[in-house]
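Report on the structure given below.
The values are calculated or read from the model by the stated rules, or taken from the named source; none is laboratory data. Only a predicted model underlies this, so the values are computations on that prediction, with no experimental measurement involved. Note: accessible area is taken over every heavy atom of the protein model, side chains too, but ligands, DNA and RNA are not part of it. Shrake-Rupley method; radii C 1.70, N 1.55, O 1.52, S 1.80 Å.
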Amino acid sequence: MAPPVRPTVAQPLSPHLQIYRWTWTMAMSVFHRVTGTALYGGSVLVAVWLVALASGPRAYDAVAWFFGSLVGRLILFAYTWVLMHHLLGGLRHFIWDAGIGFDRERRLGLARATLIGSVLLTVVIWAFALILR
């Protein structure tokens, strides 16, 4: 005997972002992906610097001038934060790979620590760089 026929109801094939409530772990997951993508741009900056270094004093002076300008320093500061945030996000995932930190409090704590730690590390790195300069 065939199962009873139920009326079809139009349902979405998958959940959409509109029905999710944003959480710290969701936001840090998105930031981790965005910072991973932004690291490609930072790699281009490093490559430009290395090519200028190998090209001679005039090319290096031009790149050094740009990175020493306000815009250049802001880009380097942002790149430092991107690098630190992606690093800490990777450590968070490494901790999860070890099977640790899946309860609600630890997930939230690790997500917050990723953001706060990346900001603090960026400020500390730049403070040391400016002091040792």
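Accessible surface ranking for 40, 79, 60, 20, 1.4 angstrom probe, highest first: 40, 20, 60, 79. A Stokes-Einstein calculation at 10 °C with viscosity 1.306 mPa s, built on the Kirkwood radius of the chain over Cα pairs, returns a diffusion coefficient of 87 µm²/s. Once the Cα-Cα distance is subtracted from the 0.36 nm per residue extended length, the residue 59 to residue 124 segment shows a gain of 20.4 nm.
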